[in-house]
Amino acid sequence: MWQFRFYLSREKNALVKFLKSVYWEEKEEEKQALDLMEKWAPMDPDRALELLSPTFTNKSVRAYAVSRLRLVDDEVLVFIKTK
């Protein structure tokens with residue numbers, strides 16, 4: 001995943017998998033991943049919910065997920081949650 005990160009950044013659905021592949025304990029890798037996350041093709045709200053799972057503990061990743069969810073009406077979020 002890491003090797004193809006720039007190519008994959010055009011694929012909004014690849015962000016979650018990319019973030020799962022990051023070695024968060026390595027500060028330089030973390031920095032690069034967070035920089036790229038901000039440039040990544042915007043993900044759909046239902047995928048953003050996955051970034052709020054216990055798998056992702058990085059505060060910046062979680063803040064990104066919340067920022068994506070803020071763009072959606074509450075009624076849509078209820079629908080996504082019940083899917």
Taking Cα extents along the principal axes in Å as the quantity of interest, determine which of (1) 44, 31, 23; (2) 39, 24, 18; (3) 45, 24, 20 was computed from the displayed structure. (2)
Modelled FRET efficiency - R0 22 Å, Q32 with S53, Cβ distances, 0.05 increments: 0.45
For a quick check, take a GNM of the chain with Cα springs below 10 Å and name the residue from D35, D46, D73 with the largest mean-square fluctuation. D73
Taking only C-alpha pairs under 8 Å that are 6+ residues apart, what is the relative contact order of the chain in percent? 26 percent
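Would you calculate, for the chain, the mean residue ellipticity at 222 nm contributed by helices, counting each DSSP H stretch of 4 or more residues as -39,500 (n - 2.57) and dividing by all residues, to the nearest 500?
-16500 deg cm²/dmol
Throughout, read-outs are computed from the coordinates displayed, never taken from laboratory work. Keep in mind it's a predicted model, so treat the numbers as computed, not measured. Note that we place each Cβ from the backbone using ideal geometry, even for glycine, and neighbour counts take in every protein chain shown.
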